[in-house]
Amino acid sequence: MGQGLVCGAVSGSLLILGLGPGRNDDESRARAETVEMAREFSHRFVNDHGSIICKELLGVDVGTEDGHRQAVARGLFESACPRFVAKAAALLEMMLAGSAVDQSSAPEPRADVVA
């Protein structure tokens, strides 16, 4: 995060997706399921937002001093980033609802974040 590479909301979602299928006894099958879920998540996020790359999503390269200053000046961390987090969380929740992942310890979604 903060480098202008893969959006942090996407990275975090992919990490969570990676926790699920590993509970399978067949490691190669679990790996294939994880890769497929990651591809599906990324594909859906790109369909909604055009990219999974931060600097493409925000229109500035936050990995540089100038780009970071521009993002702060334009309020992108307060306006755009929370929308990406909310959309990623909703997509993740939808995908996990269709899998065998135990969500009993997952936190409740925040009501103050507008999608």
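In a helix (DSSP H, G or I), at pLDDT below 90 and surrounded by 15 or more Cβ atoms within 10 Å (Cβ to Cβ): does that describe Ala38? Spell out how you get there, then give the answer.
Details: in a helix (DSSP H, G or I): yes; at pLDDT below 90: no; surrounded by 15 or more Cβ atoms within 10 Å (Cβ to Cβ): yes.
So Ala38 does not fit the description; no.
For segment 14-29, indicate whether the set of residues that are among the aliphatic types (A, V, I, L, M) and assigned to a loop (DSSP other than H, G, I, E, B) is non-empty. I'd like the intermediate steps shown before the answer.
Of all residues in segment 14-29, those among the aliphatic types (A, V, I, L, M) come to 14-17, 19.
Subsequent filtering for residues that are assigned to a loop (DSSP other than H, G, I, E, B) retains none.
The answer is no; no qualifying residue exists.
Within segment 57-92, which residues are under 23 Å from Met37 (Cβ atoms) and either in contact (Cβ under 8 Å) with a residue 40 or more places away in the chain or surrounded by 15 or more Cβ atoms within 10 Å (Cβ to Cβ) (or both)?
The answer is Leu57, Arg83, Phe84, Val85, Ala86, Lys87, Ala88, Ala89, Leu91, Leu92.
Can you name the residue in segment 7-56 that is aliphatic (A, V, I, L, M) and without any contact (Cβ under 8 Å) to a residue 40 or more places away in the chain and is also nearest to Gly98 (Cα to Cα) among such residues?
Keep residues of segment 7-56 that are aliphatic (A, V, I, L, M), which gives 9-10, 14-17, 19, 30, 32, 35, 37-38, 46, 52-53.
Now restrict to residues that are without any contact (Cβ under 8 Å) to a residue 40 or more places away in the chain: 14-15, 30, 32, 35, 38, 46.
On the way: Leu14: 16, Leu15: 17, Ala30: 15, Ala32: 16, Val35: 16, Ala38: 14, Val46: 20 Å.
The qualifying residue nearest to Gly98 (Cα to Cα) is Ala38.
Kindly indicate the residue of segment 68-101 that is in a helix (DSSP H, G or I) and of a type in the set (D, E, K, R) and also nearest to Asp48 (Cα to Cα) among those meeting that condition. Give the derivation first.
Just the residues of segment 68-101 that are in a helix (DSSP H, G or I), to begin with: 68-73, 76-97.
Checking the rest, the ones that are also of a type in the set (D, E, K, R) come to 69, 78, 83, 87, 93.
On the way: Arg69: 26, Glu78: 19, Arg83: 12, Lys87: 9, Glu93: 16 Å.
By that ranking, first place goes to Lys87.
The values are calculated or read from the model by the stated rules, or taken from the named source; none is laboratory data. Model, not experiment: these values are computed from the prediction. Here Cβ is always computed from backbone atoms with ideal geometry, including for glycine, and neighbour counts include all displayed protein chains.
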